[in-house]
Amino acid sequence: MKEKFLGFWWVLAFAILTFGLYEQASAKLLRATSRLETRTQELQEAIFQEESELEELKLQVGSQNDPTWIELALIKGLGLIPEGYTKIYFEEKK
């Protein structure tokens, strides 16, 4: 019995080595998959934000002939106010 084991020790060593390499590759693949899933989620969020911004810009371009929109853009963007409006300034305490 001992002689048979000594003749086939390399089979057992090969099986252990193969299993160890398989486990290492499996763990590496799992980490890579996790990183890719995280990156995919980040890219999907970025796409959603860009699509929202695109819709906002489309609405702005479509509204450029509307006098109310022009007034709002001047108030919001440049700080201009029409006559009869009251402008309020807020100062930050330092």
- Task: Send over a whole-number figure in Å² for the accessible area per residue of the range 26-94, probe 1.4 Å.
- Result: 101 Å²
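Using DSSP to call loops (not H, G, I, E or B), can you name the GluC sites (Glu not before Pro) in the range 18-94 whose Cβ has at most 16 other Cβ atoms within 10 angstrom? Walk me through the intermediate numbers first.
On the way: sites: Glu23, Glu37, Glu42, Glu45, Glu50, Glu51, Glu53, Glu55, Glu56, Glu71, Glu83, Glu91, Glu92; in loops: Glu83, Glu91, Glu92.
The qualifying sites are Glu83, Glu91, Glu92.
Let me know the shape class of the chain, please: from the alpha-carbon gyration tensor, a ≥ b ≥ c as square roots of the eigenvalues, rounded when a/c is under 1.5, otherwise prolate if a/b is greater than b/c, or oblate. If you can, show how the numbers build up before the last one.
Numbers: a/c = 14.30, a/b = 4.13, b/c = 3.46.
The shape class here is prolate.
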- Of the residues Ile47, Ile16, Ile70, which exhibits the maximal mean-square fluctuation in a Gaussian network model of the chain defined by a 10 Å Cα contact cut-off? Ile16
- Quick one: putting +1 on the C-beta of Lys and Arg, -1 on the C-beta of Asp and Glu, what dipole do you get for the chain around its Cα centre, in Debye to the nearest 20? 920 debye
- Message: Ignoring everything except DSSP H segments at least 4 long, calculate the 222 nm mean residue ellipticity for the chain; use -39,500 (n - 2.57) per segment, divide by total residues, nearest 500.
- Response: -25000 deg cm²/dmol
- Message: With a 1.4 Å probe and all protein chains left in place, how much of the accessible area of the chain comes from carbon and sulfur atoms, in whole percent?
- Response: 63 percent
- Note on the structure: So the angle from the long Cα axis of helix 9-62 to the longest Cα principal axis of the chain, reported in degrees to the nearest 10, equals 10 degrees
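Under the rule that an exposed site lies in a DSSP loop and has at most 15 other Cβ atoms within 10 Å, name the longest stretch of the chain with no chymotrypsin sites (Phe, Trp or Tyr not before Pro) of that kind, not counting the sites themselves. Let's see the in-between values first.
Details: sites that count: Phe8, Tyr85, Tyr89, Phe90.
Value returned for the longest uninterrupted segment is 9-84.
The values are calculated or read from the model by the stated rules, or taken from the named source; none is laboratory data. Just so it is clear, the model here is predicted, and its values are computed rather than measured. Glycine also receives a Cβ, built like all others from the backbone with ideal geometry; neighbour counts cover every protein chain displayed. Quick note on the areas: whole protein, heavy atoms, side chains included, nothing else; ligands and nucleic acids left out. Shrake-Rupley method; radii C 1.70, N 1.55, O 1.52, S 1.80 Å.
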